[in-house]
1. Could you grab the pairs with beta carbons closer than 7 Å, sequence gap of 6+ or different chains, first residue in segment 148-172 and free of Cβ contacts under 8 Å to residues at least 40 places away in the same chain and assigned to a helix (DSSP H, G or I), second one among the polar types (S, T, N, Q) and surrounded by 19 or more Cβ atoms within 10 Å (Cβ to Cβ)?
2. Of the residues Leu15, Leu79, only one is part of a helix (DSSP H, G or I) and either on the phi > 0 side of the Ramachandran plot or of a type outside the set (Gly, Ala, Ser) (or both); which?
3. Suppose we keep only residues that are without any contact (Cβ under 8 Å) to a residue 60 or more places away in the chain and part of a helix (DSSP H, G or I) within segment 63-76. Which one would you say is nearest to the chain's Cα centre (by Cα)?
4. Mind checking which pairs have a first residue in segment 233-259 that is under 19 Å from Phe182 (Cα atoms) and in contact (Cβ under 8 Å) with a residue 40 or more places away in the chain and a second that is in a helix (DSSP H, G or I) and among the β-branched types (Val, Ile, Thr), Cβ under 8 Å, 6 or more apart or different chains?
5. Can you list residue pairs whose Cβ atoms sit under 7 Å apart, with the first residue in segment 38-62 being more than 17 Å from Met121 (Cα to Cα) and the second being loosely packed, with under 14 Cβ neighbours inside 10 Å and not small (Gly, Ala, Ser)? Count only pairs 6 or more apart in sequence or on different chains.
6. Residue check: is Ala101 closer than 25 Å to Ile267 by Cα, small (Gly, Ala, Ser), touching a helix residue (DSSP H, G or I) at 6+ places or on another chain (Cβ under 8 Å) and surrounded by 17 or more Cβ atoms within 10 Å (Cβ to Cβ)?
7. Given the condition over 20 Å from the mean Cα position of the chain (by Cα), modelled with pLDDT of 65 or more and more than 27 Å from Asn274 (Cα to Cα), answer yes or no: does some residue in segment 208-215 qualify?
8. Condition check: crowded, with 18+ Cβ neighbours inside 10 Å and on the phi > 0 side of the Ramachandran plot. Does Gly232 satisfy that?
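The values are calculated or read from the model by the stated rules, or taken from the named source; none is laboratory data. Everything quoted here is computed from the prediction, not taken from an experiment. With ideal geometry, Cβ positions are generated from the backbone for all residues, glycine too; neighbour counts draw on all protein chains shown.
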Amino acid sequence: MAGFVSKEETKRQSLAAFKQWDKQWREHCLKNKPYIKNNLRDLEETGVEHDCLCVAYGPSLNDNLKHIKAMKERGAILLCVDKSFKVLMENGIVPDYCLVADANVPFDGFCKGVDTTKTVMIAAMTTNPKWVAYWKNDIYFFINKDNISSQDIYMALTDYDYCIPAASNVGNALVVLAHEVFKFKRIFLFAYDYSWSEKKYYGGSDEVSSASGPGKRKKYNMNHMRLLDAYGKMVSTSVNLSFSARWLMSYIMAGRVPVLNCTGSGIVDVPKANITVKN
């Protein structure tokens, strides 16, 4: 896939998101504010001597569970995104940290009933407050810092000022967190596909998206595309996910982030790692 993101494109994305979600973000900030008991500064540079696994929620997740488990058992610190938390727990893999960022990430399907006592949550102040209220372990908050200064609004609402660069989606935010806050020695990416095979792609069905609201289908309210992925396979993706993949590549290359992509598929074209597990 061609091209990285420009400052102008990133600003357009930020403005569009702010226009759509600001009212809800403010409401969530106020609901989450009473749960501020820790400061993310306390976790700074705690990963300097360690490798970490960043686990997203791409379609390759189930195929890579054995690799994730093996690397964690060898001592890597495991950070996952909200939607992959339940899958990992159901397969006997307990994440060290779970990042919850989306204001509309479903609670019932991805968190309700799951043991949260052994995993630390790191959450955007604007995230779904149902996750925050349910969580039984420590919670550390952050505010997204973007190029339209929206962080000033949410810092004023919450009296909290720890910011990290806004990263367009939760998987990208996980990499930013691992690199800029924890400062892990190496970062191994799993399930960072940002694309699907044609048969599995959500944009090809009439399934109602729980995050899109009643009657809104991703097939119709998003722009979609087909392209060759970083492994030479034809895949399907959305314009939004394509932007997020390009944002991540730009971030990794510009900052020389010590990343190895273990996903084995997808449109993120950064240094790849071949992972094998001995039986």
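1. Final answer for the pair search is Gln151/Asn144.
2. Values: Leu79 fails: part of a helix (DSSP H, G or I).
Leu15 is the lone residue from the list that is part of a helix (DSSP H, G or I) and either on the phi > 0 side of the Ramachandran plot or of a type outside the set (Gly, Ala, Ser) (or both).
3. Restricting attention to segment 63-76, the residues satisfying the condition of being without any contact (Cβ under 8 Å) to a residue 60 or more places away in the chain are 65, 69, 72-75.
Subsequent filtering for residues that are part of a helix (DSSP H, G or I) retains 65, 69, 72-73.
On the way: Leu65: 17, Lys69: 19, Lys72: 19, Glu73: 23 Å.
Residue satisfying both the conditions and the ranking: Leu65.
4. Listed pairs, sorted by first residue: Leu248/Val175; Tyr251/Val175; Tyr251/Val176; Ile252/Val175; Val257/Val175; Val259/Val175; Val259/Ile252.
5. Close Cβ pairs satisfying both conditions: Val48/Lys185; Glu49/Lys185; His50/Lys185; Asp51/Lys185; Pro59/Lys200.
6. Working: closer than 25 Å to Ile267 by Cα: yes; small (Gly, Ala, Ser): yes; touching a helix residue (DSSP H, G or I) at 6+ places or on another chain (Cβ under 8 Å): yes; surrounded by 17 or more Cβ atoms within 10 Å (Cβ to Cβ): yes.
Against the criterion (closer than 25 Å to Ile267 by Cα, small (Gly, Ala, Ser), touching a helix residue (DSSP H, G or I) at 6+ places or on another chain (Cβ under 8 Å) and surrounded by 17 or more Cβ atoms within 10 Å (Cβ to Cβ)), Ala101 qualifies.
7. Initially, segment 208-215 is screened for residues over 20 Å from the mean Cα position of the chain (by Cα), giving 208, 213-215.
Next cut, modelled with pLDDT of 65 or more only: none.
Checking segment 208-215: not a single residue is over 20 Å from the mean Cα position of the chain (by Cα), modelled with pLDDT of 65 or more and more than 27 Å from Asn274 (Cα to Cα).
8. Working: crowded, with 18+ Cβ neighbours inside 10 Å: no; on the phi > 0 side of the Ramachandran plot: yes.
No: the conditions fail for Gly232.
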